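A.B. asks: Sharing a structure with you now.
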Amino acid sequence: MRGQVKVAAKILATLVALNAVVPAFGQSSPSADAKLENNLTTAMAWKQTAAEYRALYHQGFNLARLRVELALAQKQDGTLPLAIISDVDETLLLANDYWGYLIEQEQDFFDDAIWDRWVAENRAVASPGALEFLEFCVANGVEIFYVTNRDQGDSTVQLALDNLNAVGFPSVDRAHLRVLRETSNKEQVQQQIREDHEVVVLLGDNLNDFARRYYSTDLEQRLSLMEEDRERYGRDYILFPNPTDGHWIRAIFGDSEPPPSDANRSILKQAATRSAWTP
């Protein structure tokens, strides 16, 4: 009898333990950690695998080409030479394996130190359609200006040139590259280029690539400013998708590179559920 009691007790203990870790059928019981999982996971699964992600790049460069073709058709003798201005990272160059590495290292926001190491490895790849568009520009006498804000110290410019040259982009030299190490405000450089060129279109993955006024920590204001300029998208501005970093994050946190903490994951979750159905 005593042995049977012991066996029954063991069975009961096992059932209790299983009940603690296995949710009932039809129910879910995610852990606190699961609710605050790495925020990059879904974004990077999309960037790494989705045909739709690549299609958006082709769509953007197709639109840019149409704008250039129109400008070429309307160009008159004696007018300023045509040019396009493009951001570099996540517009012309993609850093998917950098972001994949961050996930493996349990980092889920941009990390400057890791980025600097990664840039030096020269691992960036051309975004879909970028090379073909840039070659079309050069073949038709349209100048390309690469404008980027990076800072890897004294080697910053050379590293940027190496990254662009490695994927075979044209017009990669110091005359066509502008590197901003101490600011992300591109308006002054854009204005300097406009003094000698008719700029057909600006390309970027961040509204701040187009105008400084988007550099706002007020989320609603940023949305409102974009709506005011809605007719410029697909015309003056060509925007590419970037769900992993940018000033949209700054509008949520007040910081473009917040630390990977549960507190910040909670803030991001709150942003993701601003509008949520309550049945």
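A.B. asks: Do we have any residue at all in segment 114-121 that's at pLDDT below 95, of a type outside the set (A, V, I, L, M) and either more than 23 Å from the chain's Cα centre (by Cα) or over 18 Å from PRO241 (Cβ atoms) (or both)?
C.D. replies: No, every residue in segment 114-121 fails to be at pLDDT below 95, of a type outside the set (A, V, I, L, M) and either more than 23 Å from the chain's Cα centre (by Cα) or over 18 Å from PRO241 (Cβ atoms) (or both).
A.B. asks: Looking at TRP99, is it crowded, with 18+ Cβ neighbours inside 10 Å and without any contact (Cβ under 8 Å) to a residue 24 or more places away in the chain?
C.D. replies: no
A.B. asks: Mind checking whether some residue in segment 53-74 is modelled with pLDDT of 95 or more, farther than 30 Å from VAL179 by Cα and out of contact with any strand residue (DSSP E or B) (no Cβ under 8 Å at 6 or more places or on another chain)?
C.D. replies: Looking through segment 53-74, at least one residue is modelled with pLDDT of 95 or more, farther than 30 Å from VAL179 by Cα and out of contact with any strand residue (DSSP E or B) (no Cβ under 8 Å at 6 or more places or on another chain).
A.B. asks: If you don't mind, another one. Kindly indicate which of ARG174, ARG178 is in contact (Cβ under 8 Å) with a residue 12 or more places away in the chain, basic (Lys, Arg) and surrounded by 15 or more Cβ atoms within 10 Å (Cβ to Cβ).
C.D. replies: Every option except ARG178 fails the conditions.
A.B. asks: Continuing with the same structure: Could you check segment 240-268 and list, in sequence order, the residues that are under 28 Å from ALA55 (Cα atoms) and outside any loop (DSSP other than H, G, I, E, B)?
C.D. replies: HIS247, TRP248, ILE249, ARG250, ALA251, ILE252, LEU268
A.B. asks: Moving to a separate point now. Given the residues GLU104, GLU90, which is the only one that is modelled with pLDDT under 95, among the acidic types (Asp, Glu) and within 24 Å of ASN163 (Cβ to Cβ)?
C.D. replies: After ruling out the rest, the residue left standing is GLU104.
A.B. asks: Would you check which residues across segment 115-135 are surrounded by fewer than 22 Cβ atoms within 10 Å (Cβ to Cβ), in contact with a helix residue (DSSP H, G or I) (Cβ under 6 Å, 6 or more places away or on another chain) and touching a residue at least 60 places away in the same chain (Cβ under 8 Å) and list them?
C.D. replies: Listed by number, the residues that qualify are PRO128, GLY129.
A.B. asks: Scanning for something on the phi < 0 side of the Ramachandran plot and loosely packed, with under 15 Cβ neighbours inside 10 Å, does segment 83-95 turn up at least one residue?
C.D. replies: No: segment 83-95 contains no residue that is on the phi < 0 side of the Ramachandran plot and loosely packed, with under 15 Cβ neighbours inside 10 Å.
A.B. asks: Something else now. Among the residues of segment 224-239, count how many are assigned to a strand (DSSP E or B) and touching a helix residue (DSSP H, G or I) at 6+ places or on another chain (Cβ under 6 Å).
C.D. replies: 1
A.B. asks: When the residues of segment 184-223 are narrowed to those that are part of a loop (DSSP other than H, G, I, E, B) and acidic (Asp, Glu), which ends up farthest from LEU72 (Cα to Cα)?
C.D. replies: Among residues in segment 184-223 that are part of a loop (DSSP other than H, G, I, E, B) and acidic (Asp, Glu), the one farthest from LEU72 (Cα to Cα) is ASP218.
A.B. asks: Out of all the residues in segment 157-171, which are out of contact with any strand residue (DSSP E or B) (no Cβ under 8 Å at 6 or more places or on another chain) and either modelled with pLDDT under 95 or loosely packed, with under 15 Cβ neighbours inside 10 Å (or both)?
C.D. replies: GLN158, ASN165
The values are calculated or read from the model by the stated rules, or taken from the named source; none is laboratory data. Source: prediction; values computed, not measured. All Cβ positions, even for glycine, are placed from backbone atoms using ideal geometry, and neighbour counts span all protein chains on display.
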